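The values are calculated or read from the model by the stated rules, or taken from the named source; none is laboratory data. Here the structure is a predicted model, which means the values were calculated and not measured. Here the Cβ positions follow ideal geometry from the backbone for every residue, glycine too, while neighbour counts run over all protein chains shown.
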Ligand code: ITT
């Protein structure tokens, strides 16, 4: 399908403040009226899919059904080559404090440390290649949907560096760079990120731009 996104309000079906900010900035030039799932009080559906596409569609469809509006969801994660693509769709789960401390909430420093600990266990010559994957899904209340996939290739560094961005940004060094994503200002990250790559495909199809 192509070019259906229009003047209707678009629900941004994420409860992640970092993603919400980035998606808002990416959409800003297109004059789309956006509202977040959080501000509508929409519940977070369980992410039971085995792929980024499955989970992005689960989130977009749940928001479209409960709001009666088109909804855009993002499912994303860090895939580490030497860990057979893990944490992958479980990237957010690896930050759950429950897992480490039996408490609710997420701790990204612990999550980055878990990845680093597994790599360290493979020895000093472990392959540190990885990529961020992002799937953006749009669902309409009538059941129609569209899916766009993006990637950012890179390597993992340790210790974490930088204060910008969110999630695993302090350990991700994009290909051809020496700085981590957390050392890139938002505009620089938007030029090369997995989310921007997926968004460029969405824009090409939805807006013909
Ligand atoms: P929603 O499902 O509400 O959108 P979430 O944080 O649970 O929020 P995901 O299930 O897609 O989202 O988890 C993806 C995780 O991958 C996310 O929590 C981040 O830690 C990480 N991630 C995704 N994109 C990232 C980026 O651009 N920079 C750093 N980390 C990122």
Review point. If you scan the range 124-176, which residues turn out to be outside any strand (DSSP E or B), touching a strand residue (DSSP E or B) at 6+ places or on another chain (Cβ under 7 Å) and under 26 Å from residue 71 (Cα atoms)?
Key: 168
Review point. Can residue 180 be described as under 23 Å from residue 16 (Cβ atoms), surrounded by fewer than 17 Cβ atoms within 10 Å (Cβ to Cβ) and either at pLDDT below 95 or in contact with a helix residue (DSSP H, G or I) (Cβ under 8 Å, 6 or more places away or on another chain) (or both)?
Key: no
**Study point:** Condition broken by residue 85, with the remaining ones in (1) touching a strand residue (DSSP E or B) at 6+ places or on another chain (Cβ under 7 Å); (2) crowded, with 17+ Cβ neighbours inside 10 Å; (3) assigned to a loop (DSSP other than H, G, I, E, B) satisfied
**Key:** (2)
Check your understanding: Got a sec? Which of 37, 28 is more than 11 Å from the ligand (Cβ to nearest atom) and free of Cβ contacts under 8 Å to residues at least 40 places away in the same chain?
Key -> 28
Revision key, fill the gap. By residue number, the members of the range 52-65 that are within 13 Å of residue 149 (Cβ to Cβ), touching a residue at least 60 places away in the same chain (Cβ under 8 Å) and surrounded by fewer than 20 Cβ atoms within 10 Å (Cβ to Cβ) are 53
Review point. Just for the range 41-51: of the residues that are touching a helix residue (DSSP H, G or I) at 6+ places or on another chain (Cβ under 6 Å) and without any contact (Cβ under 8 Å) to a residue 40 or more places away in the chain, which one is nearest to residue 17 (Cα to Cα)?
Key: 42
Check your understanding: Would you pick out the residues in the range 88-106 that are at pLDDT 90 or above and part of a loop (DSSP other than H, G, I, E, B)?
Key -> 91, 92
Check your understanding: Within the range 5-25, can you find the residues that are part of a loop (DSSP other than H, G, I, E, B) and either within 14 Å of the ligand (Cβ to nearest atom) or out of contact with any helix residue (DSSP H, G or I) (no Cβ under 7 Å at 6 or more places or on another chain) (or both)?
Key -> 6, 7, 8, 9, 13, 14, 15, 16
